[in-house]
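Quick notes on the structure that follows.
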Amino acid sequence: MAFTLPALPYDYKALEPHIDALTMEIHYSKHHQAYLNNLNNAIKGTDADNQSIEEIIKNISKYPTPVRNNGGGYWNHTFFWESMAPDSGGEPKGALATAIDSAFGSFAKFKEEFANAGVTRFGSGWAWLVVNGGALKIGSTPNQDNPLMDVSDLKGTPILGIDVWEHAYYLKYQNRRPDYIGAWWNTLNWEQISRRFNDAK
Ligand code: MN
């Protein structure tokens, strides 16, 4: 049973000007597709063949490195696309807004700490907002690891994540990762992120 590429929930230019159409097209149709293809090749003949991607990821230490890298890449990008939407951004509301204020002091301070996690991730990886034991926590992971993986130092249920690999921003922002992260806030689908928060609590 092979995994498939979920449809992008909007078109390539939908997140302009914050994320440009060419970056979206290459990121989805080349990078995400490649993680998927490589994952399907890597799980052939293993017991991962009949499990959900979440089950595989939670037990990733049982599998060879190509499953970790490509299974992570497959899951992370689906999660990333669903975190964003056209005509979105702004600030969270309700219980998530209250939890962010209580954990980080204010939404502005949360953004500063989260952006710092993305900027300071050396090389390629992801920054995350997770729920761990009912509490919100910020951190980052290398490569295509994520906080659901049993091998990850950062643990918890991710409710938001940003891809800080150069392929996510280099065409438009070149070496300016902080500018990419700054623009990315304008794309966030807080309704979706709040649903994840409510499910994770
Ligand atoms: Mn990526």
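The values are calculated or read from the model by the stated rules, or taken from the named source; none is laboratory data. Being a predicted model, the structure only gives us computed values, none of them experimental. Note: ideal-geometry Cβ built from the backbone for every residue, glycine included; neighbour counts use all protein chains shown. All accessible areas refer to the heavy atoms of the entire protein, side chains included, with ligands and DNA or RNA removed. Shrake-Rupley method; radii C 1.70, N 1.55, O 1.52, S 1.80 Å.
Here are the numbers for this structure:
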| read-out | value |
| --- | --- |
| Accessible area of region 117-157 divided out per residue, in Å², using a probe of 1.4 angstrom | 38 |
| Whole-percent carbon and sulfur share, accessible surface of region 26-70, 1.4 Å | 47 |
| Rounded to whole Hz, the Karplus (6.51, -1.76, 1.60) HN-Hα couplings of region 106-114, x for glycine and proline | 6, 4, 4, 5, 4, 4, 4, 5, 5 |
| Residue-by-residue Karplus 3J(HN,Hα) for region 6-14, coefficients 6.51, -1.76, 1.60, Hz, glycine and proline x | x, 4, 5, x, 7, 8, 4, 8, 5 |
| Rounded FRET efficiency, nearest 0.05, which uses the C-beta distance separating TYR10 from GLN51 and R0 of 25 Å | 0.30 |
| For region 1-148, size of Cβ-based charge dipole, Lys and Arg +1, Asp and Glu -1, in debye | 380 |
| 19 Å Cα-Cα reach of LYS30 towards lysines, excluding residues that sit fewer than 8 places from it in its own chain | LYS13, LYS172 |
| Accessible-area composition of region 117-162, carbon plus sulfur, in percent [1.4 Å probe] | 51 |
| Cα radius of gyration and Dmax for the chain (Å) | 16.3, 49 |
| Per-residue [θ]222 nm for the chain (sum of -39500 (n - 2.57) over DSSP H runs n ≥ 4, rounded to 500) | -13000 deg cm²/dmol |
| Fluctuation leader among ARG176, ARG68, ARG121 - the chain, Gaussian network, Cα springs under 10 angstrom | ARG176 |
| Mean separation of Cα contacts under 8 Å (6+ apart) over length of the chain, as relative contact order % | 24 |
| Other-chain or far-sequence residues with amide H under 5 Å of LEU148's (modelled H) | none |
| Region 96-160: C-alpha gyration tensor shape, a/c 1.5 cut-off, then a/b vs b/c | oblate |
| Relative contact order (percent, whole number), region 1-79, Cα cutoff 8 Å, 6+ residue spacing | 32 |
| Region 21-103: C-alpha gyration tensor shape, a/c 1.5 cut-off, then a/b vs b/c | oblate |
| ³J(HN,Hα), Karplus 6.51/-1.76/1.60, whole Hz, each residue of region 62-78, x for Gly, Pro | 7, 10, x, 3, x, 6, 4, 5, 8, x, x, x, 5, 5, 4, 6, 4 |
| Candidate lysines - alpha carbon under 28 Å from LYS201, same-chain residues fewer than 8 apart omitted | LYS58, LYS62, LYS93, LYS109, LYS111, LYS137, LYS155 |
